[in-house]
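Student: Here it is, the structure in full.
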């Protein structure tokens, strides 16, 4: 059973790295451990685009952010970057 986010939930932006593919994947979550397990296929619910790169490891995290809206803005900013540049993002949302 999953729980709904609460006002106290802290959103995190994460960047995964696949040694197998040499590529990154960025996303947001309030439960990084669960989300990584989903991407790696040990729990249901991972993104289809991460299936081929398993296993994934957390290469960078940013935040926490106060709500999903701010975390989504940060995710969009990071997704504009490519590859390893995502691992050293400045945190600029402007």
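Throughout, read-outs are computed from the coordinates displayed, never taken from laboratory work. Here the structure is a predicted model, which is why all the values come from computation and not from measurement. Note: ideal-geometry Cβ built from the backbone for every residue, glycine included; neighbour counts use all protein chains shown.
Student: Any chance the range 24-31 includes a residue that's free of Cβ contacts under 8 Å to residues at least 24 places away in the same chain and within 11 Å of the chain's Cα centre (by Cα)? Steps first, please.
Tutor: First pass over the range 24-31, keeping only residues free of Cβ contacts under 8 Å to residues at least 24 places away in the same chain: 29, 31.
Subsequent filtering for residues that are within 11 Å of the chain's Cα centre (by Cα) retains 29, 31.
Yes, the range 24-31 contains at least one residue that is free of Cβ contacts under 8 Å to residues at least 24 places away in the same chain and within 11 Å of the chain's Cα centre (by Cα).
Student: Further question: Taking only pairs six or more apart or across chains, which ones have beta-carbon atoms under 6 Å, a first residue in the range 33-54 that is without any contact (Cβ under 8 Å) to a residue 40 or more places away in the chain, and a second residue that is assigned to a loop (DSSP other than H, G, I, E, B) and buried (at least 17 other Cβ atoms within 10 Å of the Cβ)?
Tutor: What qualifies is 38/46; 39/46; 54/40.
Student: Of all residues in the range 81-94, how many are exposed (fewer than 11 other Cβ atoms within 10 Å of the Cβ) and in a loop (DSSP other than H, G, I, E, B)?
Tutor: Result for the range 81-94: 6.
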